[in-house]
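Every number in this text was worked out from the coordinates using simple rules, so none of it is lab data. Keep in mind it's a predicted model, so treat the numbers as computed, not measured. Here the Cβ positions follow ideal geometry from the backbone for every residue, glycine too, while neighbour counts run over all protein chains shown.
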Amino acid sequence: MSASLFGLVLAGLVGAATAQNAIVQPLPPPEAEDLNEALRRLSRDRSDLDALLEAGEASIVLGDSDAAMGFFVRAQDLSPDNARMKAGLGRVFLAEGRAIEALRFFAEAETAGYPLVEMAADRGLAFDLVGDNTRAQELYRLALARNDDPATSRRLALSLAISGKRADFERILLPQLKDEDRAGFRARAFGLAILGDEREAISIAEALMPTDLALRMTPYLRYMARLTKAQQAAAANLGTFPRAGEIGRDMPAIAGYAEQGAAISRRADASLTPSGPVMGASRPQQAAVAPAPSTPPPSSAERRRAEREQRQALAGLDPIARTRARSARSTSTPTPAPPTAPEPAPVAATVPAPIPTTRDSPPAQADATSQLAISLPVEAPRQSSADAQGPGAEAAGRIEPPDLAQTASEASVPIPASGAAPDPGPLPTGSLEDVFAEFEAIPAMRSGATQGAVDIATIKPPRERAAPPPAPARAAPRPPEHPARHWVQIATGRDRDALKFDWRRIARNAKSLLDGKGPFVTPWVEANRLLAGPYPSAGDAREVVTQLKALGIDAFTFASPRGQEIETLD
């Protein structure tokens, strides 16, 4: 679970003093009630497949990927070939940054009958995260033809920027910029940085954010043009930045993605080359008149062979089994923190030596890439006649999946990005994910479209304005009673007395990590979250989670929004 940045001083925000000082408890999203209803049904019947699927889908929207994984794994036990379950697992792995595994489950979901258009936006992002922007853009457009979703539009715009299509990138973002959508301006800043317009990208960041946050964001924008396509997509969409030694170098499984796709295509073409004696050699006059034959389509035997190879490679790695094994290890015996992966060979003179190491890539993705016996289902978007209803929907054919298991050794060394950019300076020691978290915690910009101004160069992000001096008679506003804070969640439950017992038990096993940090509780659907904290930043909370997991204690981070009451568990 992660939280996330970009600050805005709202132009034109006028209201009474009482309204300015009010603390408003945010209404829960509708998915919270969906989860609540699914949990009620599961309390009556733990084998209710539909309830498990609905609970998993709601948990994804609510940002609880751990809970979603649990629901979908239980659904898999009940119905191993369920298409909706496979699509849900694809979304869970995507949320964890494990794009290759996400693509596998999306492909299996489509094969099992799940509508392509319903997972097109998420599947498109998974393709972007492995550097396949062409297929990603086809899927984004398919999704937008059905539902004009701003988040999907931003993904499409960023994918176009990664592809170097600046005009299309700016055209897609224009409506959101006219509406002064802060997420749209953030996407524009990252897109311009990817395209190499570093100065304008930094200018937008400085206009949108308070000074301290702009200073933290600027180094990341300077480095965007030096990343690989897959790294650019992860940074701009998920806030995940590579370690210093991996800048401009894809992980082996991702680096091998394009190579394996080309190898499969060459192998398929070679298998269709005619062999043996030329038929009709005794009648050369007919051969001279006959037109050159076109390349025949793959035979049914060729298709079956490719599908068989895919199934054999897929059998080499089961991410669900691996996830279950990790969960079993974490709950049975304490395990030490995983050792730091060795740094790859340095890039000659392109990455400056004094760059400090930034946040590691997600450990789950590192685990996936360490086992190269994985088959990546690579498929262009395919649309059935039932899905082609909105304008602009595009149909595309299926491409045979590349088999990473057969030539994994060829992709064992990360591939450096081509071209050397000017030295952008050192990276910060913080986390881009933390910057994204703080961006999400800042209030949204005012809504309402600006008329005219279709020239994108004339659209300027609202700048910070100096606040007028306070009136002498007015007292300074009180700080919020419940500000936004970062916590570590260690348990959930309805009975608060039972949670007290849980706290004492967990604190004893935590070896002073939780001393002076709780216990605290806050409502969650029909239960309560048991929290430790607060911690200064999301990074500090993640560090405690890592240490707790090394002791065999399940925990994850939780960010309470401004106004959410956190109570002491007396």
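Listed values, structure above:
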{"read-out": "Check: the range 485-568 dipole with +1 on Lys, Arg Cβ and -1 on Asp, Glu Cβ, in debye", "value": "160"}
{"read-out": "The range 485-568, relative contact order [Cα under 8 Å, separation at least 6], %", "value": "45"}
{"read-out": "Dipole axis of the range 88-161 (+1 Lys, Arg; -1 Asp, Glu on Cβ), positive-most option in ILE100, THR152, PRO115", "value": "THR152"}
{"read-out": "Local net charge near ALA157, Cβ-Cβ under 10 Å (Lys/Arg +1, Asp/Glu -1)", "value": "+3"}
{"read-out": "Cα gyration tensor, the range 485-568 - rounded (a/c under 1.5), prolate or oblate", "value": "oblate"}
{"read-out": "ASP554-ALA527 pseudo-label distance in nm [points 7 Å out on the Cα-to-Cβ vector]", "value": "0.8"}
{"read-out": "Residue-count net charge about GLN176 - beta-carbon cut-off 13 Å; Lys, Arg +1, Asp, Glu -1", "value": "+1"}
{"read-out": "Förster-model FRET efficiency, 25 Å R0, GLN564 and GLU543, C-beta, rounded to 0.05", "value": "0.65"}
{"read-out": "Ascending count of other beta-carbon atoms within 10 Å, so fewest first, for TRP503, TRP487, TRP524", "value": "TRP524, TRP503, TRP487"}
{"read-out": "Segment ALA151-ALA183, extension gain: residue separation times 0.36 nm, minus the distance between their alpha carbons", "value": "10.7 nm"}
{"read-out": "Nitroxide proxy distance, nm - points 7 Å out along Cα→Cβ at ASP81 and ASP50", "value": "2.2"}
